[in-house]
Every structure is written in C-alpha cells, then in structure tokens.
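Worksheet: one structure, shown below.
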Amino acid sequence: MSNTPDNNRLKAGQPTLLNIEIIVDEDVTCVVNKQRLRDGCTAASSLRDFDQGEIGIRVTTDASIHQINREYLGHDYPTDVISFPYAASQPHIEGELVVSVDTASERAGDLGWSFEHELLLYVVHGTLHLTGMDDLQPEDRRAMRSAERDVMLQLGVGDIDQYAADGVASAKPSDQPSDQPSDQRSSSKLISEDNLSPENPQAPEDLA
C-alpha cells in the first residue's frame, strides 16, 4: 500500500466541492476500498447538508492509532476511529479521520459480518462527528445511530440493523426509545470514537 495522498473526488451522481483525501499507511496489508470509504464520507456529510470543504481519512493500524490516541487524547489503547473536527458551518466542513483496519478486522470477525462494512461504519460514524453530531447523551446517541443507519442503507448495506453499534432497536426509527442491545454486537466493544475538540485541542473531549 502507498501512503501517497489520493486526491480524487467522489463522483456520486452530481458534482461536489467536497474534497476527500485518503491515505493508506504502508504497513496496512489488507485491501482497502478507497472509493467505498469516499462514498461513505460523502453520504454522511450530505445527510447533514455539507457538500463543500476538505476531509482527510487516514487508514492505519492499531499500533499507529494507539500512538495517536495516546498523544492527542491521553488514552493508552488502540481504538476504532478518531475524529479531528476543524470547521463545520453548512455547507462547508473541514476535518480529519483516522481509522484502524486491525480493530475493524477483529470486530468484523467477532460479529460475523464483512471487514469492509465495519471499516465503512467507522468512516460514517467519524464523519457524522465532524458534522457536529454527538453521542454522549441517550437522545443524541439515538440520533447518531439513526443517521448511521440511514447512510449505511443508502450505501446498500442492508444488514446494518443486525450489526448496528447499539443494536437493532437503537438504529431503527421508533416512537418509543429502547435500550435493548443487539444480540450480534452486545458482546463486542461498541464504537468508541474519540473526538478531538477543535476549540481546545490541548484538552480534547473524549466521546468514547
């Protein structure tokens, strides 16, 4: 794999002014579908009415994301996705994501669904954070899961309800909130995205 930035823009049916740059680290040995990740980032941004700006996605290993997590957030462990939001004022957005292929591969194996879908979910989740969504409070978390579901279904991932981060009940729209976990992901660590607050980068906000 090459760590040369990929500056091709997503062609999603209509022109977009959102430039998505994807870098795959040289020590990543698995196949990464850059176009699929670009589609996910664009779809998540579009859902939140962002279609201009720059988003960088670095695809890396647990070792590298562990180092980033420790340096920027003070967390001494690897994680799935870290977001660095820089600016978000519709329709313009600026930010960066770091995602781990090792964590995606391990969790996909545990859950019994595809590595590609797990990694795609990390990009969708992280992009939604860049747009200003949060998941600390129950209501915000339900909104996040609903947005993830909408994007993943748009991308053709029909089994997202089965493998949603907090389970089927929280992913599907419902008049009554539910706290019932998914049988698939309940025994696995949920998405633990860490978010670096742009307002105070020396004291980042942990969204795990």
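Coordinate-derived values only; no laboratory data. Here the structure is a predicted model, which is why all the values come from computation and not from measurement. As a convention, Cβ positions derive from the backbone with ideal geometry for all residues, glycine included, and neighbour counts pool all protein chains shown.
A few notes on this one:
- Beta-bridge orientation, region 12-171: approximately 30 percent antiparallel, per DSSP, counting only bridges with both partners inside.
- Projected label distance in nm at Ser114 and Arg36, using a 7 Å step from Cα toward the beta-carbon: 0.5
- Listing Phe84, Phe115 from fewest to most neighbouring C-beta atoms within 10 Å gives Phe115, Phe84.
- Centre separation in Å (Cα based) which lies between region 83-112 and region 113-135: 5
- Segment Glu139..Gln162, full-extension length gain: 6.2 nm, with 0.36 nm per residue of separation and the alpha-carbon distance subtracted.
- Taking Thr103, Thr127, Thr61 and counting other C-beta atoms within 10 Å, the order from fewest to most: Thr61, Thr103, Thr127
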